[in-house]
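Written out below as structure tokens is the structure these notes cover.
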Amino acid sequence: MEILGRLIERVSNVILVPEVEDQLLWAHDSKGEFSVKQLSKLLLEGEGDDSIFAFDRLWKLKVPPRVNNFEEFYSLCFKVKFVGSSKSLWLIAMAASCWSIWLARNEIVLFKSGSRGWCFPPHGWLIFNVSGTTSEGASGCGGMMRDAEGSIRALFSGPCDACDADTSELGAVITTLDIFIEFDWVGGSLIVEMGSRVVYNWVLDKTRRPWSKQATFADLERRIACVGKISFSIANINGNEMAETLATAGMSKPCLFKA
């Protein structure tokens, strides 16, 4: 009843404006925007006697030496004995921490972002990572296209008719351009990122192209002319792993899968 009374007291003087859409606001910021920095400041400085954050309680908690899964960790967060605004701030801190960990995990596992991993393309560009591989007489190619926000826009995986990994990757580049044209991305700006430096040199330097593959390179040039603004690059270390995984999986597929 005490909590209900406090709630009624707080909302009794609130004036509703029908023309304004409801939205969540962080009460501790002048613009209503939540920030971890402001939350940390509140936890350290407090807002009164009931919001003094007793950090020593965290180290005195009787918890197992290991947490087996996320569910156990989540339950431990609610066993902390805080009251009033201290408990609210604690739960908000845990929610913000979990969300930050989740985003960092996704970035590492899915995109391998960073100076030695997959890098986001410039604004307005799309980046298509491609790869080709061969093993025990089987060949496969694969690729994945993402935008400046890291969202997946297209992918493919399947077998290819090639005798070595470089030829497979060259086929992956051509398949990439076919998908880009087929899905009507023509007119956009495309970066094709590959793992093979040999294929990279073939694409950029016509004097290095094997004579036996001239017909293939002629097909490549026709597709490049249809795409428009295009750039080629070498993937960073660990920056092409998703495409490599798709290429490896493609060796066992009966036909090319694309989406």
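The values are calculated or read from the model by the stated rules, or taken from the named source; none is laboratory data. Everything quoted here is computed from the prediction, not taken from an experiment. Cβ coordinates were reconstructed from backbone atoms using ideal geometry, including for glycine residues, and neighbour counts include every protein chain displayed. Side chains included, ligands, DNA and RNA excluded: accessible areas come from the protein's heavy atoms. Shrake-Rupley method; radii C 1.70, N 1.55, O 1.52, S 1.80 Å.
Among the residues of the range 154-166, at least one is polar (S, T, N, Q), farther than 19 Å from Val227 by Cβ and open to solvent by less than 30 Å² (accessible area, probe 1.4 Å). Before we move on, is Thr133 open to solvent by 10 Å² or more (accessible area, probe 1.4 Å), touching a residue at least 40 places away in the same chain (Cβ under 8 Å) and under 17 Å from Ala235 (Cβ atoms)? So Thr133 fits the description; yes. Scan the range 190-200 residue by residue and report those that are open to solvent by 40 Å² or more (accessible area, probe 1.4 Å) and at pLDDT 90 or above. Of everything in the range 190-200, those that are open to solvent by 40 Å² or more (accessible area, probe 1.4 Å) and at pLDDT 90 or above turn out to be Arg197, Val198, Tyr200. Scanning the range 176-189 for residues that are at pLDDT 85 or above, out of contact with any Cys (no Cβ under 6 Å at 6 or more places or on another chain), under 21 Å from Leu204 (Cα atoms) and open to solvent by 10 Å² or more (accessible area, probe 1.4 Å) returns Asp178, Ser189. Within the range 187-208, the set of residues being of a type in the set (A, V, I, L, M, F, W, C) and farther than 16 Å from Ala225 by Cα comprises Met194, Val198, Val199, Trp202.
Residue by residue, here is whether (1) within 20 Å of Gly239 (Cα to Cα); (2) basic (Lys, Arg); (3) in contact with a Leu (Cβ under 8 Å, 6 or more places away or on another chain) holds:
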| residue | (1), (2), (3) |
| --- | --- |
| Cys163 | no, no, no |
| Val173 | yes, no, yes |
| Thr176 | yes, no, no |
| Asp205 | no, no, no |
| Ser212 | no, no, no |
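Could you check how many residues of the range 207-259 are closer than 13 Å to Asn129 by Cβ, of a type in the set (Asp, Glu) and at pLDDT 85 or above? Going through the range 207-259 one residue at a time, the tally reaches 1.
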